[in-house]
Amino acid sequence: MGRDDEWSDWSSAPTRRFNDFWEGTYRLQVQARNERGQLSRITSFPLEIIPPWYRSIWAYLVYGLGFLGLAYGARRFYIVKEEKRQARRRVQKLERERVVAERLKKANDRLREANRLKEDFLATTSHELRTPLTNILGSLEVLQGMMEGEETEFLDMIEENGKRLKRTLNALLDLSMLRSGEEDVELTPTSLDECVERVASDLRADAKEKGLSFRVDLSGAPMWADLDEQYLEQILRNLIENAIKYTDEGVVAVSTGTAEGRVYAEVEDTGIGIDEAFLPDLFEEFKQESRGRSRTYEGNGLGLAISARLADQMDGAIRVETEKHKGSRFRVEFPRSSEPAEASAEG
């Protein structure tokens, strides 16, 4: 029989060739016929064709493993290649960052050196100008004692402007020393009330000259803080002088008190106030709200900047509340300390 279950043609040949048989199990049926046409009994033979090795189950398993291995290898190749590319990119990025860092370091070194030279120049120039200015003001005082009449008005004008210039030079020197860290702070127990009363007494005449009401309200209770008395006086003087300068009419009030374990001195005025937009720059150096031709009040923009730096060095802070055209309130506060033993004994 053929593969289609049909009998093949009769043949006298003792053999028969069958082609294109795939692997599998077959049953071969054979029947013979003699010369008289008599047929024999049908005989069946089981036949099993084994597949070639390259189509065996093991071969297909090897093919599958090979394909998986090839896919895995291709993926690993891609991953390694990508990792190398990323590594090269990181190396290039680190190299660029290193170059940028070196350039920034050199630029910072140049800036620090330029800043140091600027500070040295500022300090030297201010000192060199202050010395002859002091001599000029001393000679001017002698001339004022020698002259009378209208000539003294010119001398007073020269003296006033000379003192203003001296204050500016002193402020530049203070700022230069604060920037360089050369300013030494000596903290000792200091009575805030006594210092406020002393500075306020010195400036009362300036407020009276402008026709302002000048009030000083001290707490009356002992208030001590570890401060540098010289710097505290400088801060108070800056705050009170500013209040007098920027108040054309009304009141300048100075007071002291305690709050939350801190002592404070407060300077309040009914002056021009400060625009809210300018508050972030209020304690910056050389910054003033009015500039150029619109500038109404003279000044160098250093008083508050120096005061804030000095307060910070004494663990203090300056706070401000203000409203444009209605006035301002500045408060400088410090951590409260215990009263010194000698003061308690005197009391």
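The values are calculated or read from the model by the stated rules, or taken from the named source; none is laboratory data. Note that this is a predicted model, so its numbers are computed, not measured. No Cβ is skipped: glycine too gets one built from the backbone with ideal geometry, and neighbour counts run over all protein chains shown. The area values use the complete protein model at the heavy-atom level, side chains included, leaving out ligands, DNA and RNA. Shrake-Rupley method; radii C 1.70, N 1.55, O 1.52, S 1.80 Å.
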Count of residues meeting criterion [more than 19 Å from Leu192 (Cβ to Cβ), part of a loop (DSSP other than H, G, I, E, B) and either modelled with pLDDT of 85 or more or of a type in the set (D, E, K, R) (or both)] in the stretch 296-314: 1
Conditions (1) in contact with a helix residue (DSSP H, G or I) (Cβ under 7 Å, 6 or more places away or on another chain); (2) within 21 Å of Ile306 (Cα to Cα); (3) open to solvent by 10 Å² or more (accessible area, probe 1.4 Å); number of the one not met by Phe214: (2)
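Does the stretch 97-104 contain at least one residue that is in a helix (DSSP H, G or I) and acidic (Asp, Glu)?
Here is the first cut: in the stretch 97-104, the residues in a helix (DSSP H, G or I) are 97-104.
Narrowing further to those that are acidic (Asp, Glu): 97, 102.
Checking the stretch 97-104: at least one residue is in a helix (DSSP H, G or I) and acidic (Asp, Glu).
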Given (1) within 30 Å of Trp7 (Cβ to Cβ); (2) open to solvent by 100 Å² or more (accessible area, probe 1.4 Å), number of the condition Arg98 does not satisfy: (1)
Any hit, the stretch 26-48, residues being out of contact with any Phe, Trp or Tyr (no Cβ under 7 Å at 6 or more places or on another chain), assigned to a helix (DSSP H, G or I) and of a type in the set (Phe, Trp, Tyr): no
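Against the condition outside any strand (DSSP E or B), surrounded by 10 or more Cβ atoms within 10 Å (Cβ to Cβ) and not aromatic (Phe, Trp, Tyr), how does Pro51 come out, does it pass?
When the stated conditions are applied, Pro51 passes them.
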Selected residue (criterion: most open to solvent (accessible area, probe 1.4 Å)) from residues of the stretch 251-265 that are in contact with a Pro (Cβ under 9 Å, 6 or more places away or on another chain) and within 13 Å of Arg331 (Cβ to Cβ): Arg262
Residue check, Phe45 touching a Gly at 6+ places or on another chain (Cβ under 9 Å) and modelled with pLDDT under 85: no
Yes/no for Leu122 being surrounded by 10 or more Cβ atoms within 10 Å (Cβ to Cβ), among the aliphatic types (A, V, I, L, M) and modelled with pLDDT under 85: yes
Set Trp22, Trp58, Trp10: member being free of Cβ contacts under 8 Å to residues at least 40 places away in the same chain, in a helix (DSSP H, G or I), loosely packed, with under 10 Cβ neighbours inside 10 Å and not β-branched (Val, Ile, Thr): Trp58
Scan of the stretch 125-142 for residues that are over 49 Å from the mean Cα position of the chain (by Cα), modelled with pLDDT under 75 and open to solvent by 60 Å² or more (accessible area, probe 1.4 Å), ordered by number: Val142
Helices (runs of 4 or more DSSP H) completely within the stretch 146-250 that count 1 or more residues being at pLDDT 90 or above, over 19 Å from Val332 (Cβ atoms) and among the hydrophobic types (A, V, I, L, M, F, W, C): 192-209
